[in-house]
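The next block holds one structure in the form of structure tokens; read it before the comments.
The values are calculated or read from the model by the stated rules, or taken from the named source; none is laboratory data. Since this is a predicted model, take the numbers as computed values, not measurements. Side chains are part of the model used for accessible areas, which takes the heavy atoms of the whole protein and leaves out ligands, DNA and RNA. Shrake-Rupley method; radii C 1.70, N 1.55, O 1.52, S 1.80 Å.
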Amino acid sequence: MKDQSCIFCKIANGEIPSAKVYEDEQFSVILDMGPASKGHALILPKEHFKDVCDLDDAYAAKVLKLGAKIGSAMKKGLGATGFNLVQNNGQSAGQTVFHFHMHVIPRYDDQAPIVTWTPGSAEPEELQETAKQIRECL
Ligand code: AMP
Ligand code: ZN
């Protein structure tokens, strides 16, 4: 299903022009208009799924492999030495466009890592209790 009000549905299906890197029956891969680094791409399903929880199995089965393929091409074609696969779900996680997408962000040796956090701390008992809270909802 497409969503007529969704910009990524329109881009993925060619109704709005984009800098296209790759296309197949299920996905379009385009360059992000606000790149975190040269070559920053977005993997967009042609069908509308709002986030990873909504993603159909047939798409979920392929998206990581596609991320690896695009990232490998960035290493060959752009001289990247690594890449981040980033996928935000929900406003609190930084999702701003509510059509599933996976970022493929090439990384270069002269740049600092961008996906980082300051490690916190937790007692073993707290980790056990937290794990239980998640486990009980699986
Ligand atoms: P997220 O914050 O994970 O939802 O990422 C949304 C990304 O989409 C951002 O990196 C934006 O720069 C990018 N973006 C939004 N609109 C467009 C567009 N029309 N063409 C290309 N990239 C876009
Ligand atoms: Zn959409």
How far, in degrees from 0 to 90, does helix 124-135 lean away from the longest principal axis of the Cα atoms of the chain, to the nearest 10?
50 degrees
Over the chain, give the accessible area per residue in Å² for a 1.4 Å probe, as an integer.
65 Å²
Kirkwood hydrodynamic radius, computed over distinct alpha-carbon pairs, for the stretch 61-128: how many Å, to one decimal?
14.4 Å
Calculate for the chain the 222 nm mean residue ellipticity that helices alone would give, adding -39,500 (n - 2.57) per DSSP H run of length 4 or more and normalising by residue count, nearest 500 deg cm²/dmol.
-9000 deg cm²/dmol
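With the contact rule set at Cα under 8 Å and sequence spacing of 6 or more, what percent relative contact order holds for the chain? Write out the running numbers ahead of the final one.
On the way: 181 pairs, mean separation 30.3, N = 138.
This gives 22 percent for the chain.
Using a 1.4 Å probe on the protein chains only, how many percent of the accessible area of the stretch 1-73 belongs to carbon and sulfur? Don't skip to the end; give the middle numbers.
On the way: 2380 of 4140 Å².
Taking all protein chains in place, the stretch 1-73 shows 57 percent carbon and sulfur surface.
Relative to the compact globular guide of 2.2 N^0.38 Å, what is the alpha carbon radius of gyration of the stretch 3-138, as a ratio?
Working: Rg = 17.1 Å, N = 136, 2.2 N^0.38 = 14.2 Å.
After normalising by residue count via 2.2 N^0.38 Å, the value is 1.20.
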What residues qualify as long-range amide H neighbours of PHE83, i.e. H under 5 Å apart, gap of 5 or more or another chain, H built at 1.01 Å from N?
ARG107
Treat the stretch 17-82 as a sphere of radius equal to its Kirkwood radius over Cα pairs and apply Stokes-Einstein at 20 °C in a medium of 1.002 mPa s; give the translational diffusion coefficient in µm²/s, rounded to a whole number.
169 µm²/s
